[in-house]
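Report on one structure; see the data block that follows.
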Amino acid sequence: MTATALKADALKADVPAALHMEGIRHRYGRVSAVDGVSVSVAPGEVVCLLGPSGCGKTTVLRIAAGLEPLQEGVIRLSGVTVAGVGVEVPPERRGVGLVFQDYALFPHLDVLENVGFGLSGWTAADRRSRAEEVLRQVGMIDYARSFPHELSGGQQQRVALARALAPRPRVVLLDEPYSGLDARLRDRVRDEVLHILKASGSACLMVTHDSEEAMFMADRIAVMRDGRIVQEGTPVELYCEPVDAFVASFFGEVNRIDGVVRSGSIETPIGIVPARGLPEGTAATVVVRPEGVKIQPWAPVYSDDPGGVVEQARLLGRTSLVHMTITAPAQPDRSIHLHARVPGVYLPKPGARVRIQVDPTQTFVFGD
Ligand code: ATP
């Protein structure tokens, strides 16, 4: 089920968001870390806060957990206010599971004891059987009697997740949970974590600075900058309809070309780009994703098309990156450096003349 369908279902059934944060502001002394953030996570939904270092993501998560006292705004869990004017439910009574970057397992407890730790109020037998159940889910039951220092980073991460999920929390908060893992392990663990989360039915709010990770995990993504959410939507909405150059460039390297709106369009070395409603005379940035630049070998019939010369080409694995200097026939005195990302092995020689075509769905225009 899609996030939108899930949300619609939740609304239909009048189910409150598992986590709802509204109007959150937070200062550390004179530093404004969070400046009016509102975000909701429906039951079973994964929402990612995505943004550069220092934009306030972790602070939002810490406030949701109750690790940072709320200064302004309101937090509701399944419709019940846990923080707001005159209310501040302590972290251990919020029923929220936490997984932070450093796993934070208790070094003196074995894996089973670590996972059972949060099950206070359960009988010893129930605690043991629930801890074993979640350890089985995360594939760590064989390590129940191991200590954290005997485990790899990926294994510790799975134990940390098991510990967070053991009390069946309505909400799980993940802060850069894969940052300590190498690339291959990260791919595997995040795939497992996604399946486990979806099977658990818990709502999840996750923090990351990695757009690919956010797209992999999230039903919805909220992109943050300077303490604010600048755009929120499904991964497809953010990738295909970014609201500004910042959001566009957060989903991978982009080409940027400056221009001015004249008669409803912007003339650039890659061709005439429609200005999409920007007023006459506006200074604008044309953003083109490298994967939206198609390259063909040059032929004389293309004399009026934008084209250029290859500077260098590099194989990056699944794609090849081609660096070019582009000069349009209509603007012979202006040339730009352009990157194209081409699937597979495509390595034209430096100096080769090429013609380019730009995919309009991968081209965006923003007023400066
Ligand atoms: P990162 O990805 O690097 O963890 P972030 O987006 O999670 O960054 P936060 O950790 O929420 O950002 O920090 C937001 C701002 O608040 C930053 O300017 C940071 O320096 C500041 N900040 C965070 N924690 C504290 C603190 N305990 N005391 C003072 N300033 C803080």
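The values are calculated or read from the model by the stated rules, or taken from the named source; none is laboratory data. Computed from a predicted model, the values in this text were never measured in an experiment. Glycine also receives a Cβ, built like all others from the backbone with ideal geometry; neighbour counts cover every protein chain displayed. Heavy atoms of the whole protein, side chains included, go into the accessibility calculation; ligands, DNA and RNA do not. Shrake-Rupley method; radii C 1.70, N 1.55, O 1.52, S 1.80 Å.
Please report the net charge: other residues with Cβ closer than 15 Å to the Cβ of residue 299, K and R +1, D and E -1. Could you put the intermediate results ahead of the total?
Working: positive: 294, 353, 355; negative: 304, 305.
Once positives and negatives cancel, what remains is +1.
Residue 272 to residue 191: FRET efficiency via 1/(1 + (r/R0)^6), r the Cβ-Cβ distance, R0 41 Å, to the nearest 0.05?
Computed FRET efficiency for residue 272 and residue 191: 0.40.
Classify the chain from the C-alpha gyration tensor, please: rounded if a/c falls under 1.5, else prolate or oblate depending on whether a/b exceeds b/c.
prolate
Measuring from a point 7 Å past the Cα of residue 256 along Cα-to-C-beta, which residues in the range 283-318 have an amide N at less than 15 Å?
Inside the label zone: 283-290.
Got a number for the accessible area of residue 336? Probe 1.4 Å, square angstrom, nearest 10.
Roughly 30 Å² of residue 336 is accessible to a 1.4 Å probe.
Could you give the accessible area per residue of the chain, probe 1.4 Å, as a whole number in Å²?
Here the residues of the chain average 48 Å² of exposed surface.
If ligands, DNA and RNA are left out, what is the accessible area of residue 219 with a 1.4 Å probe, given in Å² to the nearest 10?
It works out to around 30 Å².
Within the chain, how many Lys pairs that are eight or more residues apart, or on different chains, come under 25 Å at the alpha-carbon?
5
Using alpha-carbon pairs under 8 Å, 6+ residues apart, how would you state the relative contact order of the range 50-190 in percent?
Here the relative contact order equals 28 percent.
Set Lys and Arg Cβ to +1 and Asp and Glu Cβ to -1, take the dipole of the chain about its Cα centre, and tell me which of 129, 350, 65 lies farthest positive.
129
For the range 259-272, just list the computed ³J(HN,Hα) in residue order, Karplus coefficients 6.51, -1.76 and 1.60, θ = phi - 60°, integers in Hz, with x standing in for Gly and Pro.
Calculated HN-Hα couplings, in order: x, 10, 6, 10, 6, x, 8, 10, 8, 9, x, 8, x, 8 Hz.
Per the 1.4 Å probe, what fraction of the accessible area of the chain, in percent, lies on carbon and sulfur atoms?
53 percent
Report the net charge of residues surrounding residue 278, where surrounding means a beta-carbon distance below 14 angstrom and charges are Lys +1, Arg +1, Asp -1, Glu -1.
Net charge around residue 278: -3.
Short version: what are the Cα gyration tensor semi-axes of the range 141-268, square root of 5 times each eigenvalue, largest first, in whole Å?
Listed largest to smallest, the semi-axes of the range 141-268 are 38, 16, 11 Å.
Please compute the net charge surrounding residue 126, taking Lys and Arg as +1 and Asp and Glu as -1 over other residues with Cβ under 13 Å from its Cβ.
With Lys, Arg at +1 and Asp, Glu at -1, the neighbours total +2.
Can you tell me the relative contact order of the range 197-345? Whole percent, Cα pairs under 8 Å, sequence separation 6 or more. Spell out each step's value before the answer.
On the way: 239 pairs, mean separation 23.1, N = 149.
Relative contact order, the range 197-345: 16 percent.
With r as the distance between the Cβ atoms of residue 104 and residue 168 and R0 = 25 Å, compute the FRET efficiency 1/(1 + (r/R0)^6) and round to 0.05. Could you put the intermediate results ahead of the total?
Working: r = 20 Å, r/R0 = 0.81.
Efficiency, rounded to the nearest 0.05: 0.80.
With only Lys, Arg, Asp and Glu charged, each at its Cβ (+1 for the first two, -1 for the last two), find how big the charge dipole of the range 26-131 is about the Cα centre; round to the nearest 20 debye.
On the way: 10 positive and 10 negative charges, 22 e Å.
Taking the Cα centre of the range 26-131 as origin, the dipole is about 100 debye.
For the range 264-368, what is Rg from Cα atoms divided by 2.2 N^0.38 Å, rounded to two decimals?
Values: Rg = 14.1 Å, N = 105, 2.2 N^0.38 = 12.9 Å.
Normalised Rg, Cα atoms only: 1.10.
Can you show me the helix-derived [θ] at 222 nm for the chain, built from DSSP H runs with n ≥ 4 at -39,500 (n - 2.57) apiece and divided by the number of residues, rounded to the nearest 500.
The per-residue figure over the chain is -7000 deg cm²/dmol.
List, largest first, the extents of the alpha carbons of the range 64-171 along their principal axes, each in whole Å.
Principal-axis extents of the range 64-171 (Cα, largest first): 46, 29, 22 Å.
Using only C-alpha atoms and all pairs of different ones, pull out the Kirkwood radius for the range 108-216 in Å with one decimal. All intermediate terms of the calculation are to be shown ahead of the outcome.
Numbers: mean 1/r = 0.0702 Å⁻¹.
Taking every pair of different Cα atoms in the range 108-216, averaging 1/r and inverting gives 14.2 Å.
For the range 303-352, what's the relative contact order in percent, using C-alpha pairs closer than 8 Å and at least 6 residues apart?
Worked out over the range 303-352, it gives 42 percent.
With r defined as the distance between the Cβ atoms of residue 32 and residue 334 and R0 fixed at 41 Å, what FRET efficiency is calculated, to the nearest 0.05?
Details: r = 41 Å, r/R0 = 0.99.
Between residue 32 and residue 334 the formula returns 0.50.
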